[in-house]
């Protein structure tokens with residue numbers, strides 16, 4: 001006789017985390033309505049890619065795959081935590097590939113932020129703030145694309161980051177004095193500040 005788990009599946013057949021993550025990515029991006037036209041075009045392309053590829057969230061998808069990253073702001077909202085990436089050689093926001101254990105994009109971004117910052121008590125907003133597609137040669141060893149989904153994460157008061165082995169350096173940077181080679185991060189920072197202010201910043205929109 002086949003016994004069943006409390007969820008109704010036969011024993012040994014649990015929920016499918018890959019399917020759950022894919023479904024969450026579709027639901028999150030389907031519900032989000034960015035104000036920026038370029039971001040809206042990217043949102044539509046992400047949804048098209050997800051519709052075409054069941055493995056779109058897996059790093060094994062050589063055509064490209066969704067990644068999850070976090071713009072970590074301190075409690076004052078005046079500083080962001082950036083990592084000096086050893087492979088890219090630039091200061092970047094925290095984040096990376098989704099793992100088999102991840103069932104939501106926001107969960108993947110929060111996990112990456114916690115692992116790379118060493119900070120406990122991080123809080124994440126479950127709605128994305130920014131999208132970015134960029135070519136990269138990652139762990140596959142072949143050229144691919146990262147369909148990055150970026151979330152806003154807030155650190156608790158007095159948070160002290162601890163550099164992980166994945167980083168050459170880890171520092172808080174004032175939002176108005178970030179490193180000189182991070183021009184591509186400014187749109188994400190602007191989106192985060194708009195989210196915090198509810199779009200009421202002078203000149204926003």
task: Answer with yes or no whether residue 73 is touching a strand residue (DSSP E or B) at 6+ places or on another chain (Cβ under 9 Å), closer than 14 Å to residue 134 by Cα and modelled with pLDDT of 95 or more.
output: no
query: Restricting the search to region 120-134, which residues are part of a strand (DSSP E or B) and surrounded by fewer than 17 Cβ atoms within 10 Å (Cβ to Cβ)?
result: 123, 133, 134
- prompt: Of the numbered conditions (1) at pLDDT 95 or above; (2) farther than 25 Å from residue 157 by Cβ, residue 78 satisfies every one except a single condition; which is it?
  reply: (2)
- line: In region 35-70, anything in contact with a helix residue (DSSP H, G or I) (Cβ under 6 Å, 6 or more places away or on another chain), without any contact (Cβ under 8 Å) to a residue 40 or more places away in the chain and either buried (at least 19 other Cβ atoms within 10 Å of the Cβ) or within 29 Å of residue 81 (Cβ to Cβ) (or both) is listed as 50
task: Give region 135-171 a look and list any residue that's surrounded by fewer than 13 Cβ atoms within 10 Å (Cβ to Cβ) and in a strand (DSSP E or B), or say none.
output: 135, 137, 143, 169
- prompt: Just one of the numbered conditions (1) under 27 Å from residue 121 (Cα atoms); (2) more than 18 Å from the chain's Cα centre (by Cα); (3) free of Cβ contacts under 8 Å to residues at least 40 places away in the same chain is not true of residue 180; which one?
  reply: (1)
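The values are calculated or read from the model by the stated rules, or taken from the named source; none is laboratory data. Because the structure is a prediction, the values reported are computed rather than measured. Counting neighbours? That spans all protein chains shown, and the Cβs are built from the backbone with ideal geometry, glycine included.
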